[in-house]
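Below: the structure, in structure tokens.
Laboratory data are not the source of any read-out in this text; all were calculated from the coordinates shown. Just so it is clear, the structure is predicted and the values come from calculations on it, not from any experiment. Cβ placement follows ideal geometry from the backbone for every residue including glycine, while neighbour counts extend to all protein chains displayed.
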Amino acid sequence: MHIVVCIKQVPDSAQIRVHPVTNTIMRQGVPTIVNPYDLFALEEALRIKDQYGGRVTVLTMGPPMAEAALRKAISYGADDAVLVTDRVFAGSDTLATSFALASAIKQINKDMPVDLVFTGKQTIDGDTAQVGPGVAKRLDMQLLTYVSKIRSLDIENKEIVVERRSEGGVQVLKTKIPSLITVLEGNNEMRFATMANMFRAARYPVKIWNKDAAGIEDITKTGLKGSPTVVSKVFAPTPRAVKAEIIQCESNEPKDLSVTLLTKMFTKFPKIEKEISKRAA
Amino acid sequence: MVEKFDVIVVGAGPSGNSAALRLAQAGLSVLQLERGETSGSKNVQGAILYADALEKLIPDFREDAPLERHIIEQRMWVLDDDSYIGSHYRSDAFNKQPYNRYTMIRSQFDKWFSERVQKAGALVICETTVTNLLLDNQRVIGVQTDRQGGEIYADAVILADGVNSLLAKKAGFHPELQPKDVALAVKEIHFLPQELIEQRFNVKDDEGVVIEMVGKITKGMMGTGFLYTNRESVTIGVGCMLSDFKKQNTTPYALLEQMKAHPAIQPLIQGGEMKEYTAHLIPEGGYNAMPDLYGDGWMIVGDAGMFVNAVHREGSNLAMTTGMHAADTLIELRKEGKEFSKTNLKRYQSKLDESFVMKDLKKYKDMPDVFHTNPQFFNDYPEMLSKAARTMLTVDGVDKKTKEKEIRHDFRRRRSLFGLVGDAFKLWRAFE
Ligand SMILES: Cc1cc2nc3c(=O)[nH]c(=O)nc-3n(C[C@H](O)[C@H](O)[C@@H](O)COP(=O)(O)OP(=O)(O)OC[C@H]3O[C@@H](n4cnc5c(N)ncnc54)[C@H](O)[C@@H]3O)c2cc1C
Ligand SMILES: Cc1cc2nc3c(=O)[nH]c(=O)nc-3n(C[C@H](O)[C@H](O)[C@H](O)COP(=O)(O)OP(=O)(O)OC[C@H]3O[C@@H](n4cnc5c(N)ncnc54)[C@H](O)[C@@H]3O)c2cc1C
């Protein structure tokens, strides 16, 4: 069983600021984290490895500093890590990203056949949720999105059963492997790395691949050239003019609470009171 | 597999980074453990960087260290509720390279420093807390971490774990920290466009200004306030002794809010967007409160050893210098084939005694006591000075001689002549 988990290093959105003058995102000095959904994907992969044996390879495309995200994945228990990094990838949109990742997975496949590819549902910086499906298409794999849990795996018959969250309930689905699965936040909290794995991660030589190593010949499909999407403007929403207010109430009885609330509302918006009394009449 | 190193350094602040860098450069096998996500992720400082200490470790640091502005002007303000009286010293000599003092942002600086440490060959593992020292009788033989299989061995352990070193306390190397020996400081970073900073502080390019403040901003508690200019932000903070906060029943946050509203300070930070709020302890007990600094297989460096000169707001430079001397001691002993025993590690103490570190700390050893027992320095004097200045500068038909008399009167009324002379004497003794 060989699982490739795609992870992306993203700025910690909780700490992002928009420059008050230029309105651009200030990334400098903002700490980076592994995209949270990707950690759920990684943990699912590690659990499969714990149960059925096999190998977990983590893969990212990004700048050299994305190595830190891979090293972290190694500390959790991934076996191998590949960083695809090259100037030609700069400015990639989801199309170009999927192309580059799919090419890299084909190279990884040569080393040991890949049975499953896991991605997060979406990233917290781009938020498109397109990369997983894009990679599946290019690798011609079965695609299962919004998966919250891997139920079981039948290695002999090459089948996997998963739980998929959908509107109004949970679907239990079975499909053939190889397949690509995009993972939701689930109830599988990421494990706490052992000391031995921390040492392994600190010493692990991350594989660094340029476009050639990733098996990419056609560079018109990468980077800005291969990216039809353009982010033309980013802006911070204007804060609401109305401020929230805490309404004090002496008693905790539902009746008193609602009376206080309504009194407040009616004093502030007399129109509403008029409207209601009109209708009541 | 049992992991064993020549040296384990606990903590990746300036003291730990300095020690680890030096040791790795000398070819010793070094493991550095840090509980934060990265070096610097938990660290708090004003922050003024004193070039001298860093230059001894990394002579070319100016080439790529994340520095903000070099200081060309130092202001000292004594404030009462609505005024300040102060001195400004600005000199073009501070504009000549190599610069001597810089503002910096610790999280970025520490990260840069840690990269240097890793390049030198030390193994750095973050997000890992050392929970205990491993002892063989009295001898430290390694550390225990919070991770499964977390026992790691070493010939020596350097405790660079910052103020309130829980490890040193647990191992009994150092008693419980007293509230009178630590200050609690809070600070905020306010984002302001570069042009605005240049206008408000009358600087250009990467020139910077420091404002040190005492007076009623600390409500009579022993402490100081500060404001530093960064490239695109201003750092503002205030710190007072923990024991005073307890006594006055106030919070550092409330203090900072009041300070920011002071009419002399508010215009300097107006319109800024708050980027960061942090609080941290500063060990200010000085020489008299220092713990044992070494023993069989262990040494203490930086804040963990109370190496802070509170009077001159120096800490990071003492941290770096003590880290360096601790490392050099081990490097020398290793070369001479000697073991890291208590007797041999005494050399660390001698190196410190010869350096500015101990000389300065000894010089100011009575300072904390003087200020603790004489709150008038933080309350009465600022008001008296301010009133004196206001009286002299107000042109209202009263002759100057009468005004002088009025001022003298006011001083004597608030603090007897005896008190005034006594205060001057106490200060002189403590500074001398
Ligand atoms: C504010 C902003 C807006 C953007 N808007 C668009 C847009 O509208 N259209 C567009 O095409 N691009 C857009 N981009 C660019 C796009 O985000 C990235 O170029 C693309 O690399 C990844 O898309 P995503 O982050 O949305 O990933 P998603 O598709 O949301 O990610 C799904 C999963 O794919 C995997 N994955 C994604 N990226 C990588 C990677 N680099 N390495 C390894 N695994 C990865 C992860 O497992 C992740 O959980 C935008 C970027 C930003 C910062
Ligand atoms: C508000 C403020 C302003 C200051 N301004 C200045 C200034 O302008 N100039 C100046 O020179 N000094 C200043 N100082 C003092 C300076 O910050 C300190 O002296 C300096 O940081 C000490 O360095 P250190 O390496 O000893 O400790 P720290 O920087 O505190 O580093 C200790 C490290 O050890 C880690 N650690 C702790 N326990 C463990 C454990 N059990 N296991 C693993 N890791 C652990 C911590 O996470 C931390 O990273 C200021 C301090 C404050 C609070």
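Place a +1 charge on the Cβ of each Lys and Arg in the protein assembly as shown and a -1 charge on the Cβ of each Asp and Glu, then give the dipole magnitude about the Cα centre in debye, rounded to the nearest 20. Show your work: numbers first, answer last.
Values: 93 positive and 91 negative charges, 201 e Å.
Charge dipole, the protein assembly as shown, about its Cα centre: 960 debye, nearest 20.
Compute the signed sum of charges (Lys and Arg +1, Asp and Glu -1) over the other residues within less than 15 Å, Cβ to Cβ, of A:ILE272. Write out the running numbers ahead of the final one.
On the way: positive: A:LYS264, A:LYS268, A:LYS271, A:LYS274, A:LYS278, A:ARG279; negative: A:GLU273, A:GLU275.
In short, +4.
What residues have an amide H closer than 5 Å to that of B:LYS275, excluding those fewer than 5 places away on the same chain, when H is modeled at 1.01 Å from N in the peptide plane?
Placed amide hydrogens put B:ILE189, B:HIS190, B:PHE191 under 5 Å from B:LYS275.
Suppose every Lys and Arg Cβ carries +1 and every Asp and Glu Cβ carries -1, with no other charges. What dipole size does region A:2-221 come out with about its Cα centre, to the nearest 20 debye?
On the way: 27 positive and 25 negative charges, 36 e Å.
It works out to roughly 180 debye.
Mind listing the long-range amide H neighbours of A:LEU143? Cut-off is under 5 Å, sequence gap 5 or more, other chains count too, H placed in the peptide plane at 1.01 Å from N.
Close amide H contacts, sequence-distant or interchain: A:LEU180.
Do any of A:LYS243/A:LYS264; A:LYS72/A:LYS221; A:LYS158/A:LYS207 go past 19 Å between their Cα atoms, and which?
Table pairs above 19 Å Cα-Cα are A:LYS72/A:LYS221; A:LYS158/A:LYS207.
Using a Cα-Cα cut-off of under 18 Å, which lysines could be cross-linked to B:LYS351, ignoring same-chain neighbours fewer than 8 residues away?
Candidates past the 8-residue exclusion: B:LYS56, B:LYS335, B:LYS338, B:LYS342, B:LYS359, B:LYS362, B:LYS363.
Using θ = phi - 60° and the Karplus curve 6.51 cos²θ - 1.76 cosθ + 1.60, what whole-Hz ³J(HN,Hα) does each residue of region A:268-278 get, with Gly and Pro shown as x?
6, 10, x, 4, 4, 4, 4, 4, 5, 5, 4
Over chain A, what is the relative contact order in whole percent, taking alpha-carbon pairs under 8 Å and six or more residues apart? Walk me through the numbers before you get to the answer.
Working: 503 pairs, mean separation 63.8, N = 281.
Contact order relative to length: 23 percent.
Sort out for me the Cα centre separation of region B:384-423 from region A:196-255, rounded to whole Å.
62 Å
For the protein assembly as shown, with the dipole built from +1 on Lys and Arg beta-carbon atoms and -1 on Asp and Glu ones, taken about the Cα centre, which of A:VAL147, B:TYR50, B:ILE331 lies farthest toward the positive end?
A:VAL147
When a/c is below 1.5 the answer is rounded, else prolate if a/b is larger than b/c, else oblate, so apply that to region A:2-221 with a ≥ b ≥ c taken from the square roots of the Cα gyration tensor eigenvalues. Before the final figure, lay out each step's value.
Values: a/c = 1.35, a/b = 1.29, b/c = 1.04.
It is rounded, given that a/c, with a ≥ b ≥ c, falls under 1.5.
Which lysines, if any, have their Cα less than 19 Å from the Cα of B:LYS275, not counting same-chain residues under 8 positions apart?
Cα-Cα hits under 19 Å: B:LYS42, B:LYS111, B:LYS187, B:LYS260.
Would you list B:SER355, A:SER103 from fewest to most Cβ contacts within 10 Å?
Values: B:SER355 15, A:SER103 23.
By the 10 Å Cβ count, ascending: B:SER355, A:SER103.
Counting only helical runs of four or more DSSP H residues, what would the 222 nm mean residue ellipticity of chain B come to if each run contributes -39,500 (n - 2.57) and the total is spread over all its residues? Please report the intermediate quantities before stating the final value.
Details: 15 runs with 158 residues, N = 432.
For chain B, the value works out to -11000 deg cm²/dmol.
With unit charges on the beta carbon (Lys/Arg positive, Asp/Glu negative), name the residue among B:ALA261, B:LEU227, B:GLN248 whose Cα is farthest towards the positive pole of the charge dipole of region B:180-283.
B:GLN248
I need the shape label for the protein assembly as shown. Rule: rounded when a/c is under 1.5, else prolate if a/b > b/c, else oblate, with a, b, c from the alpha carbon gyration tensor.
Details: a/c = 2.09, a/b = 1.37, b/c = 1.53.
The shape class here is oblate.
Can you work out ³J(HN,Hα) from phi for every residue in region B:261-270, in order, using Karplus 6.51 cos²θ - 1.76 cosθ + 1.60 and θ = phi - 60°, giving whole Hz and x for Gly and Pro?
Coupling constants for region B:261-270: 8, 4, x, 7, 9, 3, x, 6, 10, 4 Hz.
Collect residues whose amide H, placed 1.01 Å from N in the peptide plane, falls under 5 Å from the amide H of B:ILE141; neighbours closer than 5 in sequence don't count.
Here B:LEU134, B:LEU135, B:ASP136 satisfy the definition.
Using θ = phi - 60° and the Karplus form 6.51 cos²θ - 1.76 cosθ + 1.60, what ³J(HN,Hα) does each residue of region B:19-33 get, whole Hz, x for Gly and Pro?
5, 5, 4, 4, 5, 5, 4, 7, x, 6, 7, 10, 10, 10, 10
What does the structure give for A:190-202 when I average, per residue, the other chain Cβ atoms found within 10 Å of the residue Cβ?
Working: counts 0, 1, 4, 5, 4, 12, 6, 3, 10, 8, 0, 1, 7.
That works out to 5 on average.
For B:122-128, what's the mean count of beta carbons from other chains sitting within 10 Å of each residue's beta carbon? Before the final figure, lay out each step's value.
Values: counts 0, 4, 1, 8, 5, 5, 5.
Rounded to a whole number, the mean comes out at 4.
For region A:163-232, what does the alpha-carbon gyration tensor say about shape, rounded, prolate or oblate, given a ≥ b ≥ c as the root eigenvalues, a/c under 1.5 as rounded, and a/b over b/c as prolate?
Numbers: a/c = 2.12, a/b = 1.12, b/c = 1.89.
In terms of gyration-tensor shape, oblate.
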